[in-house]
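The block underneath contains the structure these notes are about, expressed in structure tokens.
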Amino acid sequence: MPTIITDARSFRADRAWGARELAEFDGATVRLHWTDQPYKWHVNDGAEVFVVIDGTVDMHYRVAGEEHRVLLNSGDIFMADVGDEHVARPQGEARILVVERKGSV
């Protein structure tokens with residue numbers, strides 16, 4: 001039976017970057033995160049798809065040691081590959097759908 005999620009835009013975790021596990025398949029996880037705090041700079045050990053469901057996220061990333069940034073709004077997608085260094089900094093509350101390798105940072 002299909003699963004219907006109707007509260008993605010109002011979901012709230014008990015802590016920053018808290019998540020609701022939605023699915024796991026073929027070694028990947030799908031999680032709905034809520035946050036109002038920045039994450040930490042990290043380097044991906046697998047591909048990651050980062051979809052802003054609600055809110056705005058200031059995404060910083062490095063290419064060849066040079067820092068760049070992009071402002072992500074609801075509906076925007078950031079895709080990071082293995083070795084990509086980045087940090088998400090929400091502006092207020094944000095809800096983010098993340099698809100990544102199980103156990104990834």
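Things worth noting here:
- Per-region count, region 26-43, residues crowded, with 17+ Cβ neighbours inside 10 Å and polar (S, T, N, Q): 2
- Subset of region 9-63 that is at pLDDT 95 or above and among the polar types (S, T, N, Q) - its residue that is nearest to GLY75 (Cα to Cα): THR56
- Condition check for ARG89: modelled with pLDDT of 95 or more and within 13 Å of the chain's Cα centre (by Cα): yes
- Single unsatisfied condition, ALA94 versus (1) under 12 Å from the mean Cα position of the chain (by Cα); (2) farther than 18 Å from ASP7 by Cα; (3) in contact (Cβ under 8 Å) with a residue 60 or more places away in the chain: (2)
- Every residue from region 22-43 that is over 13 Å from the mean Cα position of the chain (by Cα) and more than 15 Å from HIS86 (Cβ to Cβ): LEU22, ALA23, GLU24, PHE25, ASP26, GLY27, ALA28
- Every test in (1) closer than 14 Å to VAL87 by Cβ; (2) surrounded by 15 or more Cβ atoms within 10 Å (Cβ to Cβ) is passed by GLY46 save one, and that test is (1).
- Screening region 53-84 for residues that are β-branched (Val, Ile, Thr) and in contact with a Lys or Arg (Cβ under 8 Å, 6 or more places away or on another chain) and picking the one that is nearest to LYS102 (Cα to Cα) gives ILE53.
The values are calculated or read from the model by the stated rules, or taken from the named source; none is laboratory data. None of the values given here were measured: they were computed from a predicted structure. Counting neighbours? That spans all protein chains shown, and the Cβs are built from the backbone with ideal geometry, glycine included.
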